[in-house]
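Report on one structure; see the data block that follows.
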Amino acid sequence: MEIFKISFGVYEFFVLSLTLLLISTINYYHKYYTRKNPLPAPFPLPFIGHLFHGSFYGNDFCEYLQFMQSKYGDIYERWYGNKRVIFVSKLEYVEKLLSASTKSKYLIRDSNPEGLKDLGTYGEGILLNNNVNKWKYNRQFLTQAILTSNFLKESVDHTQAIFNEMEECWRIGLKDNTIIDFTEWSHSLTTDIIFQLITGKKMWTIVSNILNISSEPKLIELQKSNEKIISESSEISKAFQKYIMGSNSFLYVPRWVRNFVPSFRAAQREVFEAQSFLYEKLNEIIRERRKEIENTPRDEKLRYDMLTLLITANTDRSISDVKDNQEFTKPLSDKDVLYLIIEALGGGIDTTANVFSFAIYYLAHNLNNKNRMIQEIDDLFGQNQNRPITYDDLSQLIYCEAVIKEVLRMMTTVPFVGRVSTETDSIDNLEWEAGTCYVIYTPGIHLNKNYWNEPEKFDADRFIDVDDQKKHGKNHLIMWGGGLRQCPGRKLAMIELKCMLALMFRNWDVELADMNSPVKYNVSIVRSAKDLKVKIKPRSRK
Ligand code: HEM
């Protein structure tokens, strides 16, 4: 009987582990070699695929993808563990993936349900919501609020009021040779604008920037008399950044890593803390506003912030002039409002701030474009450079708009647009099964010499010349994505950006501290400008 006794020692454990490893590796490569429609790519490593391929490029994932495109063409694959993702900058694919048809097979994005469930946002909001009915419902409310004409007009007044506060800080605190990091200012500017426009609540992060570099008595006085709002704004803004940046890791890092690897565990705890602080603050704002609306007499006008538009949508107090969607007639719950507010803040703050910073960089390097834009602004405001900008003025800032488009082409702020197919489909004569994950790498189209004349050259004039515009197909410039999931905030973003450029260049001279420094940025979901050192002084008119 002794003969049948199995002993399990170190050696056996080693052999078993090796066997399991071998079987898994064979499995991994079996899947790889039998995949449908193999596309060019570097050879993937077992289990991790191409996860660390390109780490040489550090934070510049865009430069890495530019290299991949030059080596493998406009369509290639990348493996994330054992998941294949198709990277495309090929128009035949883009056409299908960004189809605006209601029958589109590409209405969802690749998301990580496990991570979203842990975060408590699974099936909520818009951007990462793959429950198509709930996504449609939420998106309709956001669009209805954001396209209300009084809201858009309000956004112009509002942008100016906050820009004026920033100018006041500059006038008091900046000396002739003070060098500032423009990215910090533009971020604070859009935080204050978007937060108030969305929630109706005053936010004041901008003033902290000047307090960090100047101790002018007037500023100290200002700080003392506004201590509460300054510190509360800074707390909310920090929590918001921590939450938005940190929640990205819930999309990519597996649950077991977040729960058991100490550094990830600590980072996860911080995200939860920021989230609960933020939810508490925003819920308080929502409750207060509901009460205020209830207590406002019916014949009194309600203000046009997004929160008010969301709370009153589909009720007899609705202030939207966009027709109610017949499909959804129920008002929103407080929970739905909370997620939509977070979505609008998340969509609106970083994106516009970065475009503004990149515009400052490119205009400083392209004086023909800058002078032409300033001429347009001067012509519009004539002798009265300080008069308030109106909503109607913006339609005349055609060159400004061309500059913004060119900045978004050269330095696309959201460089990846993801889609997952819900049905089998044939594209470019290949059949792809349901569940295929795609990433449209938009700079691969925006900087492609097949679609653009001298794509590496910054030249806003390309959007002015009508003939040149006709040359561009509908998917050559897709900075807002496309189809039914196209960015719903694009009109608001354009209004704000035009307004900020006009306000900046009609009264201020901006000079880069180092003209030899290349444009600097980090890439995650958004491409974020960093370290843009400038000198700013009041504009001298001849
Ligand atoms: C310069 C500024 C902006 C840029 C470059 C930008 C870009 C984008 C892009 C590329 C997408 C993905 C679209 C797609 O998948 O087809 C997107 C989605 C989205 N954006 Fe923006 N955006 C900007 C500003 C805003 C603003 C101001 C808001 C809201 C106030 C906003 C809210 C959203 C939302 C909610 C989505 C998700 C749409 C959906 O999944 O249905 N964005 N944005």
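Values computed for the structure shown
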read-out: Residue list for region 139-165, restricted to those being polar (S, T, N, Q), within 11 Å of the ligand (Cβ to nearest atom) and touching a helix residue (DSSP H, G or I) at 6+ places or on another chain (Cβ under 6 Å); value: SER155
read-out: Residue identified as under 29 Å from GLU168 (Cα atoms), among the small types (Gly, Ala, Ser) and part of a helix (DSSP H, G or I) among SER263, SER214, SER276, SER231; value: SER231
read-out: Per-region count, region 70-117, residues farther than 26 Å from ASN131 by Cα and among the acidic types (Asp, Glu); value: 3
read-out: Positions within region 427-448 being exposed (fewer than 14 other Cβ atoms within 10 Å of the Cβ) and of a type outside the set (Gly, Ala, Ser), in sequence order; value: ASN429, LEU430, GLU431, GLU433
read-out: So ILE126, is it at pLDDT 95 or above and either away from the ligand (no atom under 13 Å from the Cβ) or out of contact with any strand residue (DSSP E or B) (no Cβ under 8 Å at 6 or more places or on another chain) (or both); value: yes
read-out: Unique match (being within 12 Å of the ligand (Cβ to nearest atom), under 28 Å from ASN138 (Cβ atoms) and touching a residue at least 12 places away in the same chain (Cβ under 8 Å)) among ARG490, ARG485; value: ARG485
read-out: Which listed residue, of TYR93, TYR64, is among the aromatic types (Phe, Trp, Tyr) and within 14 Å of the ligand (Cβ to nearest atom); value: TYR93
read-out: Filter result (assigned to a loop (DSSP other than H, G, I, E, B) and touching a residue at least 60 places away in the same chain (Cβ under 8 Å)) within region 363-401; value: ASN366, GLN385, ASN386, PRO388, ILE389, THR390, LEU397
read-out: Residue in region 70-86 that is under 20 Å from GLU431 (Cα atoms), part of a strand (DSSP E or B), within 16 Å of the ligand (Cβ to nearest atom) and hydrophobic (A, V, I, L, M, F, W, C) present; value: yes
read-out: Top-ranked residue in region 303-324 [being within 16 Å of the ligand (Cβ to nearest atom) and of a type in the set (Gly, Ala, Ser); ranked as modelled with the highest pLDDT]; value: ALA313
read-out: Residue match in region 421-429 (condition: of a type outside the set (Lys, Arg) and at positive phi); value: yes
read-out: Some residue of region 419-426 being in contact (Cβ under 8 Å) with a residue 60 or more places away in the chain, under 23 Å from CYS62 (Cα atoms) and within 15 Å of the ligand (Cβ to nearest atom); value: yes
read-out: Top-ranked residue of region 1-60 - restricted to ones that are among the small types (Gly, Ala, Ser) and surrounded by 14 or more Cβ atoms within 10 Å (Cβ to Cβ), ranked as modelled with the lowest pLDDT; value: GLY54
read-out: Positions within region 471-482 being under 25 Å from ILE341 (Cβ atoms) and either more than 6 Å from the ligand (Cβ to nearest atom) or free of Cβ contacts under 8 Å to residues at least 60 places away in the same chain (or both), in sequence order; value: TRP480
read-out: Within region 189-211, tally of residues that are in a loop (DSSP other than H, G, I, E, B) and more than 16 Å from MET306 (Cα to Cα); value: 2
read-out: Single unsatisfied condition, ILE342 versus (1) within 16 Å of the ligand (Cβ to nearest atom); (2) out of contact with any Gly (no Cβ under 8 Å at 6 or more places or on another chain); value: (2)
read-out: First in region 86-99 and closer than 14 Å to THR442 by Cβ, second anywhere and small (Gly, Ala, Ser) and at pLDDT 95 or above, Cβ under 7 Å, 6 or more apart; value: SER89/GLY444; LEU98/GLY481; LEU98/GLY482; LEU98/GLY483
read-out: Exclusive hit being out of contact with any helix residue (DSSP H, G or I) (no Cβ under 9 Å at 6 or more places or on another chain) and either part of a helix (DSSP H, G or I) or modelled with pLDDT of 95 or more (or both), set GLU288, GLU343, GLU300; value: GLU288
read-out: Residue in region 221-237 that is farthest from GLY347 (Cα to Cα), counting only those that are out of contact with any helix residue (DSSP H, G or I) (no Cβ under 8 Å at 6 or more places or on another chain) and not hydroxyl-bearing (Ser, Thr, Tyr); value: GLU221
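The values are calculated or read from the model by the stated rules, or taken from the named source; none is laboratory data. If you're wondering where the values come from, they're calculated on a predicted model, not measured in any experiment. Virtual Cβ from ideal backbone geometry, glycine too; neighbours counted across all protein chains shown.
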